[in-house]
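Right, one structure below, let's go through it.
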Amino acid sequence: MGLTQVYPRWSHPVGGGDKGTVHDYLPTYERFLTRTHQVTVVEIGVWMGHSIGMWQEFFTDSTVHGLDVDLSRVLFDLPHLHTCDATDAAQVQAVLAGTTFDYVIDDGSHALGDQLAAFAIFWPRVTPGGAMFIEDVDGQDALDALVERVREQGVTPHVYDGRGPGRQWDEIMVVAVKP
């Protein structure tokens, strides 16, 4: 079952279920999420839990972790949720130990400094052929900084830029695929 079939059950115009409502990220995810069975996934930023539920349904026979500094808003009974600041390497290590990931999704604070810190912590944990998705990039300066950081790893970033009339100012996602 494709992501566009799973998404409507988890969509929400506010919070973590906005990947196909407020934002138009689903086609980009469908392009890069080539492995959907027996993978390990982490999403930074749980909010109310909509996207974690979606990922758990979409990725069969898989483990989906969710990290957030505050899990009090979660509306669903979801396993593998961790109270953790994803920009703090010691906290990430304490919660996830040596776990590696096929897919890392950064839908956390959307602040450039946090996105750069999370990239530094999680990129080494991405398995070969896996990918890291950085959602909701806040404008051109932030996009330029993230693209430069990904290129420093010897990787050509893929950029989805959906800004335009009637779209969000942060309708930008950077995708880094590990060789």
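Considering only region 115-134, I want to know if a residue exists there that is buried (at least 21 other Cβ atoms within 10 Å of the Cβ) and of a type in the set (D, E, K, R). The answer is no, given that none of the residues of region 115-134 is buried (at least 21 other Cβ atoms within 10 Å of the Cβ) and of a type in the set (D, E, K, R).
Figure legend. Inter-residue proximity from region 92-110: first residues farther than 10 Å from residue 178 by Cβ, second residues hydroxyl-bearing (Ser, Thr, Tyr) and assigned to a loop (DSSP other than H, G, I, E, B), beta-carbon distance below 9 Å, spacing 6+ or different chains. Indicated pairs: 108/87; 109/87. When the strands (runs of 3 or more DSSP E) confined to region 72-146 are screened for residues that are among the β-branched types (Val, Ile, Thr) and in contact with a strand residue (DSSP E or B) (Cβ under 7 Å, 6 or more places away or on another chain), those reaching at least 3 such residues are found at 126-134.
Table: residues versus (1) closer than 16 Å to residue 125 by Cα; (2) surrounded by fewer than 21 Cβ atoms within 10 Å (Cβ to Cβ); (3) not acidic (Asp, Glu).
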position	(1), (2), (3)
40	yes, yes, yes
60	no, yes, yes
68	no, no, no
88	yes, yes, no
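Pairing residues of region 142-154 that are surrounded by 11 or more Cβ atoms within 10 Å (Cβ to Cβ) with residues that are of a type outside the set (S, T, N, Q) and part of a helix (DSSP H, G or I), at Cβ distances under 7 Å and at least 6 apart in sequence or on separate chains, gives 142/112; 145/112; 145/116; 149/116; 149/119; 153/123. All told, residue 16 falls short of being closer than 23 Å to residue 92 by Cβ, modelled with pLDDT of 95 or more and part of a helix (DSSP H, G or I). Condition first: acidic (Asp, Glu), assigned to a loop (DSSP other than H, G, I, E, B) and at pLDDT 95 or above. Now tell me which residues in region 147-171 satisfy that. Matches in region 147-171: 152 only. Scanning region 19-33 for residues that are in contact (Cβ under 8 Å) with a residue 24 or more places away in the chain and part of a loop (DSSP other than H, G, I, E, B) yields 19, 22, 23, 24, 25, 33. Can you say whether residue 46 is of a type in the set (Val, Ile, Thr) and assigned to a loop (DSSP other than H, G, I, E, B), as far as the supplied structure shows? For residue 46, the condition - of a type in the set (Val, Ile, Thr) and assigned to a loop (DSSP other than H, G, I, E, B) - is met.
The values are calculated or read from the model by the stated rules, or taken from the named source; none is laboratory data. On a predicted model such as this, the values are computed, not experimentally measured, just so you know. Note: ideal-geometry Cβ built from the backbone for every residue, glycine included; neighbour counts use all protein chains shown.
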